[in-house]
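Take a look at the structure below.
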Amino acid sequence: MRSKIWKASARFPRAGWIGRVVAVVSVVCVASGIVAAQSAARVGSSAGATSTDPFVRYATPGQCQQAALRLQTRYWRDKRPDTVLYAPATDSVPAPVAQAARACAARFTMSTVPVSELRNLAQLYLWAGHDTLALQAIDRLEQADHDRSARERGWILSLWIDAALTAHPVRQSLIRTFLAKLDALGAPAATWRLFAHTHYSDYAFSINDQVLAESEGRAAIAASRQMSANDRMDFVYYIVNAYVMTAQSVALTRGGPAALAFYDTMTTDLTPLRPVGTGDRGRLAEDLMNRRIPITPLGRGAWPAVHANTWYATAGDTVHPKPGRLSLLIFVYGPDYPMIATIRRLSAAYGTQGLDLVFMTSTAGYFRTLSMQSPAMEVDSLGSYYRTYLHLPGPLAVEITNFSHLADGRRRDGETPNQKAFIHVGGAMLIDRRGVARWIGEISPRTEAVWRAVIQGAL
């Protein structure tokens, strides 16, 4: 996984001159929208008087809502996204953005705003922190839409749930209100109920509220069973996600075997959605099997020692996992700065309490898009990059990958000993003092709360 900064720097060279022109125009458009609000105070009225309203040009709530988005982007543009903590339950709109949203919202009254602008007005109220007014705007919009079908109203409610889930902070009370209305629509809105409950389950997992994550995942699965046959076939992988979210929470609260039993239910439920003997059924069956991989080893012990052709570590620190120590084994491939920032925080919190962090990587024939003349040169580059430049808080094991070439000249890498021995699908693996696997998954700001809970439970 690469950081947003890495992605952005890699995108423009491939886009050519057209992509660069579009990018420049986009930046200019964002900047001009912000400057418009700032310069509007200097714009005179038709009578020649100077206006004191910085939002005089904003004629609709939608324009104000977009201005808030632009100001939010501008606020975070020069911040380091890899060092910002993920805290959706306590996050807040930056003060300048909230102030601008309140000032712009004050230009409008709910009774005079057209129905078509009520959704934008409600979102603007969320930016401003006026949740009561937002709910009133939504109620008025629902009254205007009472003639719509249950499926259409379900879609609108799912949009409100997404808005509440992505607000700063997340609006839990609004989510519960909208979910109750959505569930009351029954089977006609089943598809939107699947989406909404899965999204809420994912959020609950990220803040380590596993009771809520499991209950919402089960609600999503229950909704999926009320979907039409065609919708179940079309959205089968959304249903898979609901099962996976639920299984992860089950694994954390009741262990791997209980989660695997839940995966068996998923296989029984979803495999018939593809015709027997078709490639689609084979691909679905393979995907369902792969989803089990991070759960299967939980509770298993007797793990081998980490292998390396070259260790970058202090003298003698080359035997991992160590008996009687808690070990976090992490596969690293590239400059995933948010992941590395998360790892540093985990190291600072638990490194002195008995947690060992061990990093593993392997050669691939190139280093940061540059072809390597030999595996030895690449090993040296990897060691210098991860240990000297990034200063990873732990020893680094580098393996030389065996490879072959296909008929067309492409390189095909084989699995390294560490990739065969340890589960590298999720990116990291926690092995407790008894040598038992406790958790497997990705490490990122979004999963930090889960890792902290699992590490604390294993110390």
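The values are calculated or read from the model by the stated rules, or taken from the named source; none is laboratory data. Here the structure is a predicted model, which is why all the values come from computation and not from measurement. Cβ placement follows ideal geometry from the backbone for every residue including glycine, while neighbour counts extend to all protein chains displayed.
Criterion first (buried (at least 23 other Cβ atoms within 10 Å of the Cβ) and either touching a Lys or Arg at 6+ places or on another chain (Cβ under 6 Å) or closer than 22 Å to residue 161 by Cα (or both)) does residue 249 satisfy it?
The answer is yes for residue 249.
This table checks each residue for (1) of a type in the set (D, E, K, R); (2) in contact with a Phe, Trp or Tyr (Cβ under 9 Å, 6 or more places away or on another chain); (3) free of Cβ contacts under 8 Å to residues at least 60 places away in the same chain; (4) outside the structural domain of residue 76 (by TED's automatic domain parsing).
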site	(1), (2), (3), (4)
96	no, yes, yes, no
99	no, no, yes, no
108	no, no, yes, no
125	no, no, yes, no
139	yes, no, yes, no
157	no, yes, yes, yes
178	no, yes, yes, yes
184	no, no, yes, yes
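Pairs please, first residue from the stretch 55-76 and among the charged types (D, E, K, R), second anywhere and modelled with pLDDT of 95 or more, Cβ atoms under 7 Å, 6+ apart in sequence or on different chains.
none
Assigned to a helix (DSSP H, G or I) and over 28 Å from the mean Cα position of the chain (by Cα), is that true of residue 103?
Answer is yes for this residue.
I need the strands (runs of 3 or more DSSP E) fully contained in the stretch 394-434, keeping only those with at least 1 residues that are at pLDDT 95 or above.
Because the criterion is at least 1 residues that are at pLDDT 95 or above, the strands (runs of 3 or more DSSP E) in the stretch 394-434 that meet it are 396-399, 428-431.
Residue-by-condition table, conditions (1) over 30 Å from residue 262 (Cα atoms); (2) at pLDDT below 95:
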residue	(1), (2)
277	no, yes
282	no, yes
295	no, yes
307	yes, no
323	yes, yes
369	yes, yes
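Is it true that residue 364 is within 24 Å of the chain's Cα centre (by Cα), more than 20 Å from residue 319 (Cα to Cα) and in contact (Cβ under 8 Å) with a residue 12 or more places away in the chain?
When the stated conditions are applied, residue 364 does not pass them.
Quick test for you: out of 360, 289, pick the one residue that is surrounded by 15 or more Cβ atoms within 10 Å (Cβ to Cβ) and closer than 30 Å to residue 258 by Cβ.
Selected residue: 360, the only one of 360, 289 that is surrounded by 15 or more Cβ atoms within 10 Å (Cβ to Cβ) and closer than 30 Å to residue 258 by Cβ.
Answer with yes or no whether residue 354 is in contact (Cβ under 8 Å) with a residue 60 or more places away in the chain and more than 23 Å from residue 444 (Cβ to Cβ).
Yes, satisfied.
Is at least one residue of the stretch 398-420 among the aliphatic types (A, V, I, L, M), within 30 Å of the chain's Cα centre (by Cα), under 30 Å from residue 204 (Cα atoms) and in the same structural domain as residue 345 (by TED's automatic domain parsing)?
Checking the stretch 398-420: not a single residue is among the aliphatic types (A, V, I, L, M), within 30 Å of the chain's Cα centre (by Cα), under 30 Å from residue 204 (Cα atoms) and in the same structural domain as residue 345 (by TED's automatic domain parsing).
Examine the stretch 371-386 for a residue that is part of a strand (DSSP E or B) and touching a residue at least 24 places away in the same chain (Cβ under 8 Å), and state whether such a residue exists.
No: zero hits.
Name, by its number, the condition in (1) surrounded by 13 or more Cβ atoms within 10 Å (Cβ to Cβ); (2) under 24 Å from residue 321 (Cα atoms); (3) not basic (Lys, Arg) that does not hold for residue 372.
Unmet condition: (2).
Report, by residue number, each residue of the stretch 318-331 that is surrounded by 18 or more Cβ atoms within 10 Å (Cβ to Cβ) and either in a loop (DSSP other than H, G, I, E, B) or not assigned by TED's automatic domain parsing to the domain that holds residue 405 (or both).
Within the stretch 318-331, 320, 321 meet the criteria.
Of all residues in the stretch 297-317 being in contact with a helix residue (DSSP H, G or I) (Cβ under 8 Å, 6 or more places away or on another chain) and of a type in the set (Val, Ile, Thr), which is surrounded by the fewest Cβ atoms within 10 Å (Cβ to Cβ)?
310
Just one of (1) touching a His at 6+ places or on another chain (Cβ under 8 Å); (2) surrounded by fewer than 16 Cβ atoms within 10 Å (Cβ to Cβ); (3) among the charged types (D, E, K, R); (4) within 16 Å of residue 309 (Cβ to Cβ) trips up residue 412, so point out which.
All conditions are met except number (4).
Per-residue answers, yes or no, for (1) among the β-branched types (Val, Ile, Thr); (2) buried (at least 18 other Cβ atoms within 10 Å of the Cβ); (3) without any contact (Cβ under 8 Å) to a residue 24 or more places away in the chain; (4) not in a helix (DSSP H, G or I):
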| residue | (1), (2), (3), (4) |
| --- | --- |
| 196 | no, yes, no, no |
| 203 | no, yes, no, no |
| 218 | no, yes, no, no |
| 226 | no, no, no, yes |
| 231 | no, no, no, no |
| 242 | no, yes, no, no |
| 260 | no, no, no, no |
| 280 | no, no, yes, no |
| 295 | yes, yes, no, yes |
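How many of the residues making up the stretch 264-312 are under 25 Å from residue 326 (Cβ atoms) and in contact with a Lys or Arg (Cβ under 9 Å, 6 or more places away or on another chain)?
So the count comes out to 4.
Which of the residues that make up the stretch 332-355 are modelled with pLDDT under 95, outside any helix (DSSP H, G or I) and at negative phi?
If the condition is that a residue be modelled with pLDDT under 95, outside any helix (DSSP H, G or I) and at negative phi, then 332, 333, 335, 336 are the ones that fit.
I'd like the full set of residues that are touching a Leu at 6+ places or on another chain (Cβ under 9 Å) and closer than 21 Å to residue 165 by Cα, limited to the stretch 103-123.
118, 119, 121, 122 - these are the residues of the stretch 103-123 that are touching a Leu at 6+ places or on another chain (Cβ under 9 Å) and closer than 21 Å to residue 165 by Cα.
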